[in-house]
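Below is one structure, written out as structure tokens, with a few remarks after it.
FYI, it's all coordinate maths here, none of it is from the lab. Just so it is clear, the model here is predicted, and its values are computed rather than measured. Note that we place each Cβ from the backbone using ideal geometry, even for glycine, and neighbour counts take in every protein chain shown.
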Amino acid sequence: MENITFKCPTEILFMDDSLDHIGEVLAEHKYQKIVFLFGTSSLKKSGKYDKIINSLKKNNIEHLDLGGITPNPEVSFVRKHIKEVKVYKPDCILAVGGGSVLDTAKAFANSYYYDGDPLDFNKKIIKPLQSLPLVTVITISAAGSEMSDSSVLSEYETNFKSGFNDIHNRPTLSIEDPSLTLEVSEFQTCCGLVDIISHSFERYFSPSSKFEPCDYLALGIIKNIVDITPILLQNPSNYEARRAMMISSTLSHNGITSFGKNMCFICHQAEHKLSGRHPQIAHGLGLRFLLDKFLEVNKEVLSDKIVNFGKTVFGVASSNPDYSISAFSDYLASLPISKSMNELGISQEEENEYISMLKI
């Protein structure tokens, strides 16, 4: 096997009532001047924004607010505000939201010490050599960006969307508070479930040695998500299920489920092309259209792994991989979200283009 390097310096703070204490946490870490990044209107409408601001003021923390980050984050937001951030000279960046907010924050953190275009990192033209400290508070369990070394960014005018992996993308500190996710919509919850599955799904189906311990870590994460899905669909505010979903999100994408392996994220590459062309399509929804198709087009090559996947996650007894693929397809179909690209107006010809990218 090739040499493997694994380093994850992110500190995780699991706590209740996190927004009331965010100022204390920042002060304890010696951060007194921050850039506060968040999404569109939901943070303010929910009252979460006011809690954060009150905690910052209480702890005498100066802040520059930059809100309005949209799903499938676009580089124009970073280009528009990066000079302002550099002039402000913060101690750190505070990002509160889902994966889009966190990935945008990573772009700011990396670009702070770089004079070129922020998209250069995602285009893999250059690697970041230094980044600002980043503190995150996740409000949607899905992307796993709170502990991952990846960052995804789009450029709508060129249909570009791509991620890159680097140690500087790992946040300095991430706060996890399951109560912040209790009111996440059914649609976002379902997209999150698929996104979490995908991160360990792609790691599991990356090339393995005969005895690969992390493969069972990956399958355990996927099974946990499958097990809590009906609970969340029936009772979205179930705290224990939300807690499990949040922990699974972090573990699924921090690299532990591919420890000792080289990742091959074929489904993500195809989905980035899909949502790069159609940014209105949520990342998790795009993956929903592709994951079982990946198994179908690679059935012969991955037969043994597919059978083990079906046995471990869904209890499939058959050694025929078709039964395992069917069980996974049935799970995806049980989610109350769009079932096909065609429903979203995407032609069969275009869909076939994405499916062709899934072949190993």
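Segment 119-191 and segment 273-302 have Cα centres lying 19 Å from one another.
On a 22 Å Cα-Cα criterion, which of the cross-link pairs LYS273/LYS339; LYS261/LYS359; LYS44/LYS123; LYS45/LYS339; LYS57/LYS80; LYS123/LYS305 come out too long? Over 22 Å Cα-Cα: LYS44/LYS123; LYS45/LYS339; LYS57/LYS80; LYS123/LYS305. Relative to the longest principal axis of the Cα atoms of the chain, helix 321-334 runs at roughly 40 degrees.
Any aspartates and glutamates with Cα under 14 Å of the LYS7 Cα? List them, leaving off those in the same chain fewer than 8 positions away. Once the sequence-local aspartates and glutamates are set aside, what remains near LYS7 is ASP149, ASP166. For the peptides 187-195, 269-277, 233-241, the ranking by packing is 187-195, 269-277, 233-241, with the highest mean count of neighbouring Cβ atoms within 10 Å listed first.
Per residue, the average separation of C-alpha pairs within less than 8 Å and at least 6 apart gives the chain a relative contact order of 15 percent. With a cut-off of 13 Å between beta carbons, the residues surrounding ALA27 carry a summed charge of 0, where Lys and Arg count +1 and Asp and Glu -1. Mean residue ellipticity at 222 nm, helices only, the chain: -14500 deg cm²/dmol; runs of at least 4 DSSP H residues each add -39,500 (n - 2.57), and the sum is divided by the number of residues.
Students often check this: by mean Cβ neighbours within 10 Å, which of 341-350, 247-256 ranks highest, and how do the rest follow?
Final packing ranking: 247-256, 341-350.
For segment 190-294, the spread of Cα positions along the three principal axes, ordered from largest to smallest, is 40, 35, 21 Å.
With respect to the chain, whose longest principal axis is taken over its alpha-carbon atoms, helix 75-88 is tilted by about 30°. Summarising the strand pairing of the chain, around 20 percent of its internal DSSP beta bridges are antiparallel. Residues ASP149, ASP304, arranged from fewest to most other Cβ atoms within 10 angstrom of their Cβ, appear as ASP304, ASP149.
Rounded, prolate or oblate: which one fits segment 117-201, using the alpha carbon gyration tensor with axes a ≥ b ≥ c (rounded when a/c is under 1.5, else prolate when a/b beats b/c, else oblate)? Note, shape of segment 117-201 comes out oblate. Looking at the chain, what % of the alpha carbon pairs are farther apart than 24 Å? Looking at the chain, the distances longer than 24 Å represent 56 percent of pairs. Rounded to the nearest 10 degrees, the inclination of helix 48-58 to the longest alpha-carbon principal axis of the chain is 40 degrees.
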